[in-house]
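Notes to accompany the following structure.
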Amino acid sequence: MVWTVGVDVGGTFTDFFAVDESNGSVHVGKFPSTPGNPADAVLNGLEVLAQGHGLNLNELRHFSHGTTVATNSLLQRRGGDVMLLTTAGFADLLDIGRQTRPHMFDLFQDYPAALVPRSRRVEVSERITDGGEVLIPLSQHEIERAVDCVRAANPQSCAVCFLFAFQNPEHERAVTDELRRALPDIEVCASSEVQPEFREFERFSTTVLNAYLQPVMAQYMTELDNGLKRLVPNASFGLNQSSGGLMSVARAQRLPVRTALSGPAAGVVGAAHVAAAAQRPNTITLDMGGTSADVALIRRARIPTVFSREVGGFPIRMPMVDVETVGAGGGSVAWVDRDGLLKVGPKSMGANPGPACYGLGGTQPTVTDANLILGRLSEDGLLAGTMNLDKAAAASVFDSLAQSLDVSPLRAAQGVIDIVVANMVRAIRTISIERGHDPRGYCLMPFGGAGPLHARDVARNLGIEEILVPPAPGIICAHGLVVSDLLEDFVDSGRIEVNAENITQIEQILDSLSLQARKWFEQESILDHTRAIRIRLDMRYVGQNFELAVPLETPGNQIPALMADDLQQRFFSTHEDNYGYFNPDDPIEIINIRLTASGRLAPLADYRKLEVSETAPVITGEREVVFRSDKPVTCPVFNRNDLSAGQILTGPAVIDQLDATTLLYPGDIGTVDETATLLITLREDLN
């Protein structure tokens, strides 16, 4: 027996998804997280999972991990003590930024303070110009002075960000080499190593964030890696990146900023895998947890990627899965604003004290309390009954809310559900309608612990007619980790006008990136038949401010033959898709040339298929559920694990499982396929 496991550490629970490669069987687990030391929940949960399912820890082949350590460190401002070395005259770049105002009408809200105080920014006398020419040489005396400044300040980490280092990293390398030699206990990173790209502010910000996270992630990864070596000595270890692929532990310790959106990215990867297996390549994902909901648009079964976004108010310039987040989760608080209107979120009760029904001291009404009052959650509790829910406590907090609104508690609970649904619908419109995609042509895939509870209302508001519920919706992020490839991004940045004279230069850059990819394949021992490359060119009209990512086909993982006319037509097509028009006469330039390499250390296991059954699904109980009117409807309750392929369920019904609850509205039809995925076809309301 050989098996592989994906582990996603969240703020409330640590999820496990294990696949036995010998027979394709899947085992899942969900255990409370340990915020003080997340590694404890990982190691303890792995032992419990192995014991519960008879899995030999010595036969674990690969361990894939998604983590919120970097995200939480940024949001809570609990990173390392950072120092910055930069080109003389540019110490204030982090404060100046882009001079944009994200909160246009808020006169009191400022940008978050820079992670490096002005007193810890050291200017170095050196200068490289656009094009990589050395204007002011970097002397050995200046290097030694910079090292002495760092030694005197004694920071935990140091970021080195010089002007135009993405075109010529010579000066950055000289300083970082000397820092690492003279001060081996200090984490050092250079912008040319982190993300050698055009746009100085974003490159500086990304490098500083990386330095800020290095001490935190280094400690966590060292503890986890040492624990895994004792517990599963034969397993390789991969950490999930924000781009949706895995990287090695050593790489993660050097580039922790790549894990800033590790968890949400894994969820989208898992969703894309489930959608492809169910032959629904166009899917909108809805990941609803305890605090927030993440949504993404998957087109042609491809994971959506962006190359710049903010996390915790700080810009990050590197490939990341394109996810939109809204403060709509099970713990989101319902409250009455000064205008007398009901609002839900963004404040959340989180896991502790959590919703009132958790019985941990929560005193405010939440979305989870509303679902319990409406009968949508079982009074027997969550996690197969191991986590009790107190309906009386939920009713108590909703009585107060109902009195404030002068409505019944049931009507107040329905109002809370309607508002949180509206918040999620608005987020989905942002990634679909506002970008030219009609959601009616997509399938909705809900996951997370609360996603399947609200999917039907979200789908109906968007005109979506199909809902696809994964086999383990509350553990889809861990599922995504198992199916993720190892991934590495390579980039060359510069301004190259697209014409026949410059095609040779573009081909030379692609050949150089391809050589780097081949070296990476060998270093990581990627299986030959799993190796793949993907090329994207960041292109724009000369004079435009921002670029568009234009993909190139790579038949047989080979660099394609390039022609200027073909590159121009590809850009015109992409520009028209995004803006509705293009101008064939204006000159075009390439800003970044990107090559992404991916592959696996072991073949992807085939999951065990469900046996087709002609028998009716087994009813395990009944529940009174309120759907649209105040009158409860008696619903049969089914256990998800008891369902077989080919079985059809007709709503109203409730489907319970360890990690989530799925609602089948009156008249809706649910069909189980061989991969245990539940496809729900929406019908008109029959309440």
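The values are calculated or read from the model by the stated rules, or taken from the named source; none is laboratory data. Keep in mind the model is a prediction, meaning the values are calculated, not measured. Neighbour counts run over all protein chains shown; Cβ positions are idealised from the backbone, glycine included. Calculation scope for accessible area: heavy atoms of the full protein, side chains included, ligands and nucleic acids excluded. Shrake-Rupley method; radii C 1.70, N 1.55, O 1.52, S 1.80 Å.
Would you calculate a helix-derived [θ] at 222 nm for the chain, using -39,500 (n - 2.57) for each DSSP H run of n ≥ 4 and dividing by the full residue count, to the nearest 500?
-10000 deg cm²/dmol, from helical runs alone.
Given Cα pairs under 8 Å that are at least 6 residues apart, what percent is the relative contact order of the chain?
12
Using a 1.4 angstrom probe on the protein heavy atoms only, line up 547, 466, 488 by accessible area, largest first.
From most accessible down to least: 466, 547, 488.
In nm, to one decimal, how far is the modelled label at residue 619 from the one at residue 406, with both set 7 Å along Cα→Cβ?
4.2
Residue 335: accessible area at probe 1.4 Å, nearest 10 Å²?
Per-residue accessible area (residue 335): approximately 100 Å².
Which value, in Å², gives the accessible area per residue of segment 146-185 when a 1.4 Å probe is used on the protein heavy atoms?
Each residue of segment 146-185 exposes 44 Å² on average to a 1.4 Å probe.
Starting from the Cα-Cα distance between residue 72 and residue 648, subtract it from 0.36 nm times their residue separation and give me the gain in nm to one decimal.
203.1 nm
Considering the Cα positions of segment 304-348, please state its Rg to one decimal place and its Dmax as a whole number of Å.
15.2, 43
How many nm is it between the label spots at residue 564 and residue 380, if each spot is 7 Å from the Cα in line with the beta carbon?
7.1
Going by a ≥ b ≥ c, the root eigenvalues of the Cα gyration tensor, does segment 251-366 fall in the rounded group (a/c under 1.5), the prolate group (a/b larger than b/c) or the oblate group?
prolate
Helix 451-462 sits at what angle to the longest principal axis of the chain, using alpha carbons and giving 0 to 90 degrees rounded to 10?
So the inclination is approximately 80 degrees.
How high is the FRET efficiency between residue 628 and residue 302 when r is their beta carbon distance and R₀ equals 35 Å, given to the nearest 0.05?
Here the calculated transfer efficiency is 0.45.
Cα gyration tensor of segment 413-453, axes a ≥ b ≥ c as square roots of the eigenvalues: rounded (a/c below 1.5), prolate (a/b > b/c) or oblate?
Oblate shape, in that a/c is at least 1.5 and b/c is the bigger or equal ratio.
Cα convex hull of segment 52-211: mean projected area in nm², to one decimal?
Result: 14.3 nm².
What does segment 180-288 give for Rg and for Dmax, in Å, if only its C-alpha atoms count?
Cα radius of gyration and Dmax of segment 180-288 are 17.0, 57 Å respectively.
For segment 553-634, report the % of Cα-Cα distances exceeding 20 Å.
70
Identify which of the listed values of log10 I(q)/I(0) by the Debye sum over Cα atoms at q = 0.05, 0.06, 0.07, 0.09 Å⁻¹ was calculated from the structure shown: (i) -0.35, -0.48, -0.61, -0.89; (ii) -0.39, -0.56, -0.73, -1.06; (iii) -0.25, -0.37, -0.50, -0.83.
(iii)
Against the empirical 2.2 N^0.38 Å scaling, what ratio does the C-alpha Rg of segment 227-310 come to?
1.26
Using every pair of alpha-carbon atoms in segment 490-628, split the distances into 10 Å bins beginning at 0 and state the percent of pairs per bin, rounded to integers.
Values per bin, smallest distances first: 10, 31, 21, 13, 10, 11, 5, 0.
With +1 on the Cβ of every Lys and Arg and -1 on the Cβ of every Asp and Glu, and nothing else charged, how large is the dipole of segment 1-110 about its Cα centre, in debye rounded to the nearest 20? Each step should come with its number before you reach the end.
On the way: 6 positive and 12 negative charges, 34 e Å.
Magnitude of the dipole: close to 160 debye.
Can you give the accessible area of residue 217, probe radius 1.4 Å, in Å² rounded to 10?
For residue 217, solvent-accessible area is about 0 Å².
Quick one: of 519/609; 229/519; 30/609; 347/391, which pairs are farther than 28 Å apart, Cα to Cα?
Distance filter (> 28 Å) returns 519/609.
In nm, to one decimal, how far is the residue 34 label point from the residue 546 one, both placed 7 Å along Cα→Cβ?
Label at residue 34, label at residue 546, 4.3 nm between them.
Using a 10 Å cut-off on Cβ atoms, rank the peptides 59-67, 32-40 from the highest mean neighbour count down.
Values: 59-67: 23.3, 32-40: 16.0.
Going by the mean number of other Cβ atoms within 10 Å, highest first, we get 59-67, 32-40.
Using only Cα atoms, tell me the angle between helix 503-523 and the longest principal axis of the chain; keep it within 0 to 90° and round to the nearest 10.
60
What is the helix-to-structure angle for 391-405, meaning the angle in degrees between its Cα long axis and the longest Cα principal axis of the chain, kept from 0 to 90 and rounded to the nearest 10?
80
Check each of the GluC sites (Glu not before Pro) in segment 574-662 and keep only those in coil by DSSP with at most 11 other C-beta atoms within 10 angstrom; list them in order.
Passing both the DSSP loop test and the Cβ count: 611, 614.
How large is the Kirkwood hydrodynamic radius of segment 132-251, in angstrom, based on all distinct alpha carbon pairs?
Numbers: mean 1/r = 0.0622 Å⁻¹.
Evaluated over segment 132-251, this radius sits at 16.1 Å.
Would you please name the GluC sites (Glu not before Pro) within segment 111-204 that are DSSP coil residues with at most 13 other C-beta atoms within 10 Å of their C-beta?
133
Report D for segment 420-489 in µm² per second (integer): Stokes-Einstein, Kirkwood Rh on Cα pairs, 4 °C, 1.567 mPa s.
Values: Rh = 13.3 Å.
Roughly 97 µm²/s, to the nearest whole number.
For residue 588, which sequence-distant residues (separation of 5 or more, or a different chain) have an amide H within less than 5 Å of its own amide H, given hydrogens modelled in the peptide plane?
So residue 588 has HN proximity to 498, 542.
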